[in-house]
Amino acid sequence: MTLHPTSPHFKKNAARALGDAELQVALSKVKRGFIDKRVAAAARLPEFEALRDQARDIKNHTLAHLDLYLERYEEKVTASGGHVHFARTAAEARDIVLAICREAGARTVTKGKSMIAEEIGLNAHLEAAGITPVETDLGEYIIQLRGEPPSHIIAPAVHVNATQVEQDFRRVHKGLDEKRDLSEPVKLLAEARAVLRERFLAADVGITGANFLVAETGTSIIVTNEGNGDLTQILPKTHIVLASIEKVVPTLEDVCQIIRVLARSATGQDMSVYTTLSTGPRRPGDLDGPENYHVIILDNGRSSMLNTNFQDMLRCIRCGACMNHCPVYQAVGGHAYGWVYPGPMGAVLTPSLIGVDKAGHLPNASTFCGRCESVCPVRIPLPKMMRHWREREFERHLSPAAMRSGLAFWGFFARRPALYTLAMRFAVSALALVGRSRGRFQRLPLASGWTAGRDFPAPQGGTFQAQWRRERRRSVG
Ligand code: SF4
């Protein structure tokens, strides 16, 4: 999946998703669940908007001194007995994980939820080396059984319904009594828990992601709701943390500020159920913890986003709010985006990481309604950055010829305001005249993409500019 993105086929992927009845039912729950809960959580916290500003400022400050904080973090991890490995590419990160697993003699590896593991295609790499990766986050476990990638960054199996999960468990779980009732989510959960418990106990290495890396203490932090991350990092002898460079923050106090907007934006909770801090391997006297502690910090193209129009994207704290509120994501779901990161954040990040030549459709899959930016806890200007990608596509001649000609045609008039006004007046009058009997067009030259799916309304009341002037006169008068 990660090695072969289907982002170049976004249009085909989206068409398939729109025709998938089960997916459409599942996506309707995204709208109902996440959005309402976020609104309620934000309303319970009067300082929510001020906290968003603070979270943005903390991330901006960190990005401006990223080298300094990464070095400090490395020093602190080393001082606590752990090891930090910097990986420039996905391949380097995969090789480092594999080398650590081999040194540990690992046959089974448990995994907490990690988008970086998805980004580097870790499971396939481990399997090819004869090591069995076991996802322990329930959603990740479900999609691993199905052989699918996540479709949402915090709810990876949001596209799957309970009946499908029951079928998957019955197909994969050996010895499962066929009379056993699995008709409710709580029963499915009990079944998954029983199976995973064995896997936790058998694992040689545990791999987790990280929501934050704290420079002042060398601590990695995960926020979860299931507690699987804790078991993943405590039970095996070796714990590997997978994170990307922008996860570092200066202090624990900074983390406390950002965490206050993270869960509220993500799931509408005041706090996630577990906030787990780990600093180095087990010390003498500790009751639990791994003997070996490794942190792999991935760049994979992120440092080339610094000091560019796309630096702000590195503020992202992976809450998923932008996709929950995006009308395009709500319609097509995450798999249509064709790579690890879907929705508006993926529409900006994916071209940065795999190239706009492969992911050029994604920044165009937006209505620019601005809802993503309005809910982003760290105020990332997502529509503006999608526009920057569209500009790059235009400059590099990656956008379709018809679109380029259309924009050039429009640009000719836009640079000549008097001619533009005259041409628009003529075009609107002509369309109004031809369409006056039906009030709409079922077919229109140069607009077949529009009329293939819906009617084009015949203009009423003159051009936009004329209406604007009329309204202004009325409001001033
Ligand atoms: S871009 Fe903003 S809203 Fe989207 S996942 Fe990242 S932090 Fe959340």
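For the Cα atoms of the chain, what angle does the longest principal axis make with the long axis of helix 252-266, in degrees from 0 to 90, nearest 10?
It is inclined by approximately 60 degrees.
In the neighborhood of Ala215, defined by Cβ-to-Cβ distances under 15 Å, what is the net charge if each Lys or Arg adds +1 and each Asp or Glu adds -1?
Around Ala215, the surrounding residues sum to -4.
Exposure proxy check: Ile120, Ile296 ranked by fewest other beta carbons within 10 Å? Intermediate results must be reported in sequence, preceding the final value.
Values: Ile120 28, Ile296 24.
Exposure proxy ranking, most exposed first: Ile296, Ile120.
Please list, or write none, the lysines whose alpha carbon is within less than 17 Å of the alpha carbon of Lys179, excluding same-chain residues fewer than 8 places away.
Result set, ordered by chain and number: Lys187.
To check you understand DSSP bridge types, tell me what percent of the beta bridges within the chain (both residues inside) are antiparallel, rounded to 5.
Given both bridge residues lie in the chain, the antiparallel proportion sits at roughly 30 percent.
Count charges around Gln460 for me, please; just the other residues with Cβ under 12 Å from its Cβ, Lys/Arg as +1, Asp/Glu as -1.
+2
Under 12 Å Cα to Cα from Lys37, which aspartates and glutamates show up? Leave out anything in the same chain fewer than 8 places away.
Counting by Cα, and skipping residues close in sequence, Lys37 has these aspartates and glutamates nearby: Asp270.
About the Cα centre of the stretch 413-476, how large is the charge dipole given +1 on each Lys and Arg Cβ and -1 on each Asp and Glu Cβ? Please answer in debye to the nearest 20.
That gives the stretch 413-476 a dipole magnitude of about 240 debye.
Going by how many other Cβ atoms sit within 10 Å of their own, how do Val428, Val165 line up, fewest first?
Fewest to most other Cβ atoms nearby, the residues stand as Val428, Val165.
What is the helix-to-structure angle for 343-354, meaning the angle in degrees between its Cα long axis and the longest Cα principal axis of the chain, kept from 0 to 90 and rounded to the nearest 10?
70 degrees
I'd like to know how the chain sits against the 2.2 N^0.38 Å rule of thumb: what's its Cα Rg over that expected value?
Normalised Cα radius of gyration, the chain: 1.10.
Give me the one-decimal Kirkwood hydrodynamic radius in Å for the stretch 255-354, with the sum taken over alpha-carbon pairs.
Evaluated over the stretch 255-354, this radius sits at 16.4 Å.
Among Leu235, Ile296, Thr275, whose Cα sits farthest toward the positive end of the charge dipole of the stretch 233-313 (+1 at Cβ of Lys/Arg, -1 at Cβ of Asp/Glu, about the Cα centre)?
Leu235
Starting from the coordinates of the alpha-carbon atoms of the stretch 36-96, obtain the Kirkwood hydrodynamic radius over all distinct pairs and give the value in Å to one decimal.
Computed over Cα pairs of the stretch 36-96, the Kirkwood hydrodynamic radius comes out at 14.9 Å.
Which value at 222 nm does the chain reach when only helices count, each DSSP H run of 4 or more adding -39,500 (n - 2.57), with the total divided by all residues and rounded to the nearest 500 deg cm²/dmol?
-15000 deg cm²/dmol
Express the C-alpha Rg of the stretch 85-209 as a ratio against the empirical globular expectation 2.2 N^0.38 Å, rounded to two decimals.
Normalised Rg, Cα atoms only: 1.11.
What number, in nm² with one decimal, is the all-direction average of the projected area of the convex hull of the alpha-carbon atoms of the stretch 20-303?
Here the figure is 16.0 nm², rounded to one decimal.
What is the fewest-to-most order of Met403, Met115, Met323 by other Cβ atoms lying within 10 Å of their Cβ?
Working: Met403 13, Met115 18, Met323 29.
Fewest to most other Cβ atoms nearby, the residues stand as Met403, Met115, Met323.
For the stretch 20-303, what is the charge dipole size about the Cα centre, in debye to the nearest 20, if Lys and Arg each add +1 at the Cβ and Asp and Glu each add -1 at the Cβ?
460 debye
So what's the convex hull volume per residue for the Cα atoms of the stretch 412-477, in Å³?
116 Å³
Please report, in cubic angstrom per residue, the volume enclosed by the convex hull of the alpha-carbon atoms of the stretch 194-340.
Here the figure is 158 Å³ per residue.
Report the net charge of residues surrounding Lys37, where surrounding means a beta-carbon distance below 14 angstrom and charges are Lys +1, Arg +1, Asp -1, Glu -1. Mind dumping the intermediate values first?
On the way: positive: Lys29, Lys31, Arg32, Arg38, Arg44, Arg264; negative: Asp36, Asp270.
Neighbourhood net charge equals +4.
Which lysines have a Cα less than 24 Å from the Cα of Lys247, not counting those fewer than 8 places away in the same chain?
Those lysines meeting the cut-off are Lys59, Lys76, Lys111, Lys113, Lys384.
Readers should treat all values here as calculations from the given coordinates under stated rules, not as data from a laboratory. Keep in mind that what you see is a predicted model, and the values were worked out from it rather than measured. FYI the Cβ positions are ideal-geometry reconstructions off the backbone, even for glycines, and counts take in every protein chain you see.
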